[in-house]
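A short write-up of the structure that comes next.
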Amino acid sequence: MYLYPKWIRLWHLINAAMFLILIVTGLSMQYTDKENASYVVGFAKAVRLHNFAAIILILNYILFVTGNLLTNNGRYYRIGRKNFISNLKKQFVYYSIGMFKGEKHPFPVSEERKFNPLQKITYVLAMYVAFPLLIISGIGLLLPEITITTVFGISGLILTDILHITMGFCLTIFMIIHIYTCTLGSKPTSLFRGIITGYHVSDED
Amino acid sequence: MFRIFSLVSLLTLLSLSSAGSSTVKSENFVGKDTATFVSSFEADNNRCFKCHGQEKYQYANATLGTQVTDMMCVERIIHKNEFYSSNHKSFSCTDCHSEEYTKFPHPGQLRMEQMYTCLDCHGGDVKFAKYHFEEIDSEYRKSIHFKMENEGFTCWKCHNPHTYKISVRTATNLKETIAYDNAICLNCHSDYSRFQLLTDRAEINIIKEHDWLPNQASHFASVRCIECHTKINNNIPVSHLILPKEQAVRRCNECHSQNSILMASLYKFESKAQRHDGFFNGIILNSSYVIGANRNEYLNYISLVIFFVVMLVIIVHIAFRLKNRSKNIKE
């Protein structure tokens, strides 16, 4: 089943590559010390690479949002209220127990439903909550001149940075789980193959 | 865009600065008599300020029988308010300058008089022992500025005795202190007419030289030049060993790290009153924010715990999948 059109695959590839660069360079800025300054990439190079990758990521995010507005892809991210909690529970139980008992997917992938309920809620939180916050706080740090100096007596830059690293961390954890859950296809590699070729292979195929 | 920010910042530094050295003036001081200090030598000093306190002065030309109004040489103007806000405010002009100056016209040979240096008064005095002036002097003698002493470099080039006031030790607004201190350097390093009094070097473009520095404007407004351009000495209040430019700090992690050198330089006076709210080098947060130096201990722990829990869940999940797979193969 052809599920991932070219523009989504391109967006996804750029997003993944830039995000990896941003994680490595972000960690490098936050955690290198004088004693291990040359580890990974080093501060100066990390700043340059981080800024560069961030700008590409922002442009890519604009592509994502625009694409979702202009094409049908946006509908996959719409969360229905009906059975919201019970559907999440069903999917969670499947991942933790059902799949080991050989049960079938409670929400098999189709052209109408690309994401299962658990996937949908995490993708929406990641792409429409964490990502905008990450980008806005990132712009605040890229151009500290435009950041509000104090918010209720606390430095605006500290709040901006804490928001930025917290969102960065949440999205890093998202990425780890995302990569792992991608091994849960019909074969461990089939979902990875899907996002490269565009074709989804399900257990039923 | 960064360049514009930098330029604006540099101009702001210059305009913010007050009395770093002789030509750096603040609007607060010029023209208005706002000094609150009452000098016991006020009447004596006023004889000098009458002419040297502003841009123009008047005198009676006895030979021609006329009243002359003339311009005071910029280098000879001491604004009263600046003087009475400075460290040397309690002095009489003639404590340091010859009594002969009370005569007008001033005798020509007075221009050749030997001026005092800092150590003439501050050296070997128990009252000033805690400031270690002798060590400041020996640091200065190792600094890049000392080699220009024959050309006329002295303490006064940076610390104008008429206007200088200690700043970082008593700072209530660190940003203003930084601007004040940086103006002392910029006074020569961004003013080629003064710079070339001491050297034949070509003009330095500070903005261009610091092009490599990300967020240059923020750096210029948040740290002093001497943070990177001097060697730290914990025995003296402010380091005076100005390094050759090749030896200036260029490694970001010198400041951007848990063990930031800023704690031993810009924040050394405040760092004694350390904050306890989970932030490393938290004192910096009162006036600034330094990536890498201001990590939060609690966030570090929380993020590590979350990371390991997630990894553990994944490993357990993988283990169950493998177990399940071998069971399926057997069946």
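Read the figures in this text as sums done on the coordinates, not as results from a lab. These numbers come from a predicted model, not from an experiment. No Cβ is skipped: glycine too gets one built from the backbone with ideal geometry, and neighbour counts run over all protein chains shown.
The table below gives the values:
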item: Radius 12 Å from Cβ of residue A:96, net charge of other residues (Lys, Arg +1; Asp, Glu -1); result: +3
item: Residue B:325 paired with residue B:259, simple spin-label distance in nm, labels 7 Å along Cα-to-beta-carbon; result: 4.5 nm
item: 3J(HN,Hα) from dihedral phi, the range A:6-12, Karplus parametrisation 6.51/-1.76/1.60, rounded to Hz, x for glycine, proline; result: 3, 5, 5, 5, 5, 4, 5
item: Sequence of B:174, B:312, B:198 once ranked by neighbouring C-beta atoms within 10 Å, starting from the fewest; result: B:312, B:198, B:174
item: Kirkwood-type radius of the range A:6-197, with distances r between different C-alpha atoms, in Å; result: 18.8 Å
item: Lysines with Cα under 16 Å of residue B:142, excluding same-chain neighbours fewer than 8 positions away; result: B:231, B:245
item: Length released on extending from residue B:251 to residue B:189, taking residue separation times 0.36 nm less the Cα-Cα span; result: 20.1 nm
item: Charge context of residue B:121, other residues only, Cβ under 14 angstrom, K/R +1, D/E -1; result: -4
item: Separation of the residue A:199 and residue B:170 label points, Cα + 7 Å toward Cβ, nm; result: 8.1 nm
item: In sequence order, calculated HN-Hα J values of the range B:65-80 (Karplus, 6.51, -1.76, 1.60; Hz; x Gly/Pro); result: x, 10, 9, 10, 10, 9, 8, 7, 4, 3, 5, 9, 8, 10, 6, 3
item: Average partner coverage of A:139-145, which counts Cβ from other chains inside 10 Å; result: 4
item: Directionally averaged projected area (convex hull, Cα atoms, the protein assembly as shown), nm²; result: 34.7 nm²
item: Sum of side-chain charges, residue B:111 neighbourhood, beta-carbon under 13 Å (Lys, Arg +1; Asp, Glu -1); result: -2
item: Reachable lysines, given that their alpha-carbon falls under 29 Å from the alpha-carbon of residue A:104 and they are not under 8 places away in the same chain; result: A:82, A:89, A:90, A:114, A:120, A:187, B:323, B:327, B:330
item: Gain on full stretching of the segment that runs from residue A:36 to residue A:24 - 0.36 nm per residue minus C-alpha separation; result: 2.9 nm
item: Helical contribution to [θ] at 222 nm, DSSP H n ≥ 4, -39,500 (n - 2.57), averaged over the protein assembly as shown, rounded to 500; result: -14000 deg cm²/dmol
item: Residue order, fewest to most surrounding Cβ atoms within 10 angstrom, among A:85, A:177, B:261, B:284; result: A:85, A:177, B:261, B:284
item: Base-10 log of normalised Debye intensity for the range B:187-331 (one unit scatterer per alpha-carbon) at q = 0.12, 0.13, 0.20 Å⁻¹; result: -0.67, -0.74, -1.26
item: Table column - 3J(HN,Hα) (Hz), the range A:23-31, Karplus curve with 6.51, -1.76, 1.60, x for Gly and Pro; result: 5, 4, 6, x, 4, 5, 6, 6, 10
item: Cα gyration tensor category, rounded, prolate or oblate, for the range B:99-164 with a/c compared to 1.5; result: oblate
item: Long-range amide H partners of residue A:151 with built H, under 5 Å; result: A:156
